[in-house]
Every structure is written in C-alpha cells, then in structure tokens.
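Structure record follows, encoded as structure tokens.
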Amino acid sequence: MRVKPKLAVTMGDPAGIGAEVVVKAFAGLGSGLQADPFVIGSPGCLELAMQQTGIRLNFVPVAGFDQLAAVTDGIAVLDPSGFDADRLQLGEVSADCGHAAVSFFETGVRLCQAGDVQGVVTCPINKEAVHAAGYIGDIGHQEILARMTGAALTATMLMTTNLKVAHLSTHKSLAEAVAYVRQPVIVDKLRLTVESLQRWGISQPRVAVAALNPHGGEGGMLGREEIDEIAPAVQVCRQEGMDVTGPLPADSVFYRAIAGEFDAVLALYHDQGHIAIKVHDFEQSVTGTMGIPFIRTSVDHGTAFDIAGRNKADANGLVNAMVTAVDMLNGTLT
C-alpha cells in the first residue's frame, strides 16, 4: 500500500482567521485527502474556533513530532510556541501572535528539511505582527523560506482555475519592481518557472511573459523595458529550448492563458499578477513557492482581522492549497 505523504498545516496568526479556516477545512475534507495532514498551531485557538463555528473535531495536542504516530483517532496538533489562547485578542496586531505565527511556520519548514514531512501548507501571517515580534527582515513566508533554506532564488506562483501566474517580484514597491525588470533576472525566473512546472507535472510548459508598459510599450514610445530587457530574455530562454512567448500586453495575456493558450504567465510585479488571479477566481486560488527543496502551498487571502471570530471565513482556499500540495508532490498538477 502506498504511504500517504505527510503534510504540515500551519495555523498562521492566532488573531486572524487561520484557526477558523483550519477547522472548516478539516471538517470539509473528511478522509478524502490523499495525504496524512496534521496541524502546527495552538490547540486553544482551535478550540475557540470550534466554539465559534459549532464544528466539533477531535484535535489531539502532541508535545513533539515523534508523538504524531500515536494519534490514530483524531487530528494531531503540534504547538511549538506555547501560545496562551486565553490572552488572545482577535483582530488585533500583536507581537505575541506574530512570534507564534513564525514559530508555527519555522517548525513546519524544519520538519520538511529533516525529511519528516513532505510538504507544508500555510495559513496567513500578519506582516505588522511579524515585524512587531522582531523579525525585521521577514516580510512574509517567502522571506522566511529564503532565510531558512538558503535558496539562491525563490518566486511565488499563484494558481486558480485555468490560470497560473508566476511573479518576477512580489514584496517590492512599484518603483523597485520596475527597476527589477532586467534581462538576467527575467531569464532566471523563467528557468525557475519552467523547471517548477515540469517537476509538478506539466512536462512541456508553455509560458507567456507579460509586458510592463501599456500596449507592450508601443515600440518604445511608452517605455523601453520590452525592447531592452524582456524580449532579449525571452529569446535567451527560447534558445535554451523553453516554450516561452512575450512580452505580451498585460491587458490581454491573462485572458489568453485562461483560454488555454498558455500554461502559466510570468507577471512582472505583485499586483499585475495578483489582480488577474483574484478577479478571475479568488475563492479557489492558492500560492506555491518555487525554488525550495520541498513543497509549500498557501491560501491567497490574508489574516482578515475584520472578520476574525465571526464565523464568516471561507475555507475553500485552504482546502485547495492542501489538494494542490498533494498534486505537486505526486507530479500530477494540471
């Protein structure tokens, strides 16, 4: 019998909707997931979420990873932070919550690095809370991953129904992102995108590169990045045998990908790609990280402090992130 991969699901910021979506996702999945998932988070927060949602699940606290195997009737919960849920203020930025959220995630990463866990699926963290906890350089999950893995190059890929979007940059100001549009960077990200898609199950990925400027720069009249940086990068990748097309105007390239012309699009900055994904099908969208030696997926939504504790959170994102992680592990992503 094939052993199911083990997935760590990190709860994210305790003050947000992470615990609620964990409860709802596990209740909705039942035994249908082709993996063996467990939670890294706060048992107290999960108990509070069950009270708020009216959902009862058997979460079993464990003191260490070596105790997971003993949990045969229920969902194991590993809490490396010792977070005090009795002091929780839902919907508020807190250094304690930021520290707990990073602790949950770092534990999942270490377990993946040790080979004990095959993938980590993350609920959202709050950047202000993480900063307040003293993690000055860690803006989000991707920066923590880069720090812990030492990966020379990482990138985010957002995935939803009929659309996958990789990003040249994410957590940069718009001015910094424009300055980042350079041929060597684009070539590296295209190589990473193609290699990642191949590893996840798409043997011959077709990748389009979005233009930076309106109408693709109009022959240089609206900007020269397409001529000086993007097109030469695409040519290099094509010479290496990659099926890469572009630059294509950003106001049409995502439509063409949704219609099936491309397997993925390389967006050149955060909002260019995120808006396309979220307008097309936000509820189903998930994030995957490229360039790390294990699988990591995530929900695409934030901590949603405004609805925390109100039983309004939608768990579809977490369910899809878990299912997508299994597909990526099995090399069956489509």
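Count the lysine pairs in the chain whose Cα atoms sit under 18 Å apart, keeping only pairs 8 or more residues apart in sequence or on different chains.
Values: K24/K312; K127/K172; K164/K189; K164/K278; K172/K189.
Lysine pairs satisfying the spacing and distance rule in the chain number 5.
Sort L153, L29 so the one with the fewest other Cβ atoms within 10 Å of its own Cβ comes first. Mind dumping the intermediate values first?
On the way: L153 13, L29 16.
In increasing order of surrounding Cβ atoms, one gets L153, L29.
So, by mean Cβ neighbours within 10 angstrom, what's the order for 172-183, 257-268 with the highest one leading? Working shown, then result.
Numbers: 172-183: 14.4, 257-268: 21.2.
Averaged packing, sorted descending, gives the order 257-268, 172-183.
Whole Å is fine, so just give me how far the alpha carbon centre of region 268-334 lies from that of region 145-196.
Each part reduced to its Cα centre gives a spacing of 16 Å.
For the chain, give the share of DSSP beta bridges that are antiparallel, in percent and rounded to the nearest 5; count only bridges with both residues there. Spell out each step's value before the answer.
Values: 12 of 41 bridges.
Counting only bridges with both partners in the chain, antiparallel ones make up about 30 percent.
How do 102-108, 82-88 rank on mean C-beta neighbours within 10 Å, highest first? Provide the component values of the computation, followed by the final result.
Details: 102-108: 23.9, 82-88: 14.3.
Packing order, densest peptide first, comes out as 102-108, 82-88.
Can you give the FRET efficiency to the nearest 0.05 for A27 and M221, using r as the Cβ-Cβ distance and R₀ = 41 Å? It would help to have the intermediate numbers written out before the result.
Numbers: r = 56 Å, r/R0 = 1.36.
The computed FRET efficiency comes out at 0.15.
Which of T324, T332 has the fewest other C-beta atoms within 10 Å, and how do the rest follow up to the most? Mind showing how you got there, number by number?
On the way: T324 23, T332 11.
With the sparsest Cβ surroundings first, the list reads T332, T324.
May I ask you to derive the relative contact order of the chain, considering only C-alpha pairs under 8 Å and at least 6 residues apart, and to give it as an integer percent?
Relative contact order for the chain comes out at 23 percent.
Assuming a ≥ b ≥ c are the square roots of the Cα gyration tensor eigenvalues, decide whether region 153-285 counts as rounded (a/c under 1.5), prolate (otherwise, with a/b larger than b/c) or oblate. Could you put the intermediate results ahead of the total?
Details: a/c = 1.44, a/b = 1.17, b/c = 1.23.
Judged from the Cα gyration tensor, region 153-285 comes out rounded (a/c under 1.5).
Which peptide among 69-80, 130-141 comes first, and what is the full order, when sorted by highest mean count of other Cβ atoms within 10 Å? Before the final figure, lay out the partial values.
Values: 69-80: 15.4, 130-141: 17.3.
Highest-to-lowest ranking by the protection proxy: 130-141, 69-80.
Using only the Cα atoms of region 206-256, build the gyration tensor, take square roots of its eigenvalues as a ≥ b ≥ c, and label the shape rounded, prolate or oblate: rounded if a/c is under 1.5, else prolate if a/b is larger than b/c, else oblate.
Numbers: a/c = 3.69, a/b = 1.31, b/c = 2.81.
The shape class here is oblate.
Taking amide H positions as placed 1.01 Å from N in the peptide plane, with prolines and chain starts having none, which residues 5 or more places from I75, or on another chain, fall under 5 Å of its amide H?
The list, which skips near neighbours in sequence, is N58, F59, V60.
Pulled fully out, how much extra length does the chain show between I139 and Q204, if you take 0.36 nm times their separation in residues and subtract their Cα-Cα distance?
Numbers: separation 65, 0.36 × 65 = 23.40 nm, distance 3.35 nm.
Stretched out fully, the I139 to Q204 stretch lengthens by 20.1 nm.
So which residue, out of V185, V23, V299, gets the largest mean-square fluctuation from a GNM of the chain using Cα contacts under 10 Å as springs?
Highest fluctuation of the listed residues: V185.
Given an 8 Å cut-off on Cα distances and at least 6 residues of separation, report the relative contact order of region 199-330 as a percent. Intermediate values should be presented prior to the final figure.
Values: 167 pairs, mean separation 32.6, N = 132.
Answer for region 199-330 is 25 percent.
At a 10 Å Cβ-Cβ cut-off, how would you order K189, K127, K24, fewest neighbours first? Display every interim value, and only then the final one.
Values: K189 25, K127 19, K24 22.
Listed from fewest to most nearby Cβ atoms, that is K127, K24, K189.
Can you bin region 232-311 into rounded, prolate or oblate? Criterion: square roots of the alpha carbon gyration tensor eigenvalues sorted a ≥ b ≥ c, rounded for a/c under 1.5, prolate for a/b above b/c, oblate for the rest. List each step's numbers first, then the result.
Numbers: a/c = 2.76, a/b = 1.78, b/c = 1.55.
Since a/c reaches 1.5 and a/b is larger than b/c, the shape of region 232-311 is classed as prolate.
In the Gaussian network model of the chain, springs joining C-alpha atoms below 10 Å, which of A231, A151, A315 carries the largest mean-square fluctuation?
Maximum fluctuation in the GNM of the chain, among the listed residues, is at A151.
At R0 = 41 Å, how high is the FRET efficiency between A175 and E261 if r is their beta carbon distance? Nearest 0.05 is fine.
Once rounded, the FRET efficiency stands at 0.85.
Mean residue ellipticity at 222 nm from the helices of the chain, using -39,500 (n - 2.57) per DSSP H segment of n ≥ 4 over the full residue count, to the nearest 500 deg cm²/dmol? Show your work: numbers first, answer last.
Values: 11 runs with 126 residues, N = 334.
Calculated at 222 nm, the ellipticity per residue is -11500 deg cm²/dmol.
What is the extension gain from D73 to A152, computed as 0.36 nm multiplied by their sequence separation minus the C-alpha to C-alpha distance, in nm to one decimal?
Values: separation 79, 0.36 × 79 = 28.44 nm, distance 4.10 nm.
In short, 24.3 nm is gained.
Here, each number is a calculation from the coordinates, and none is a lab measurement. Small disclaimer: the values here were computed from a predicted structure and weren't measured. Neighbour counts run over all protein chains shown; Cβ positions are idealised from the backbone, glycine included.
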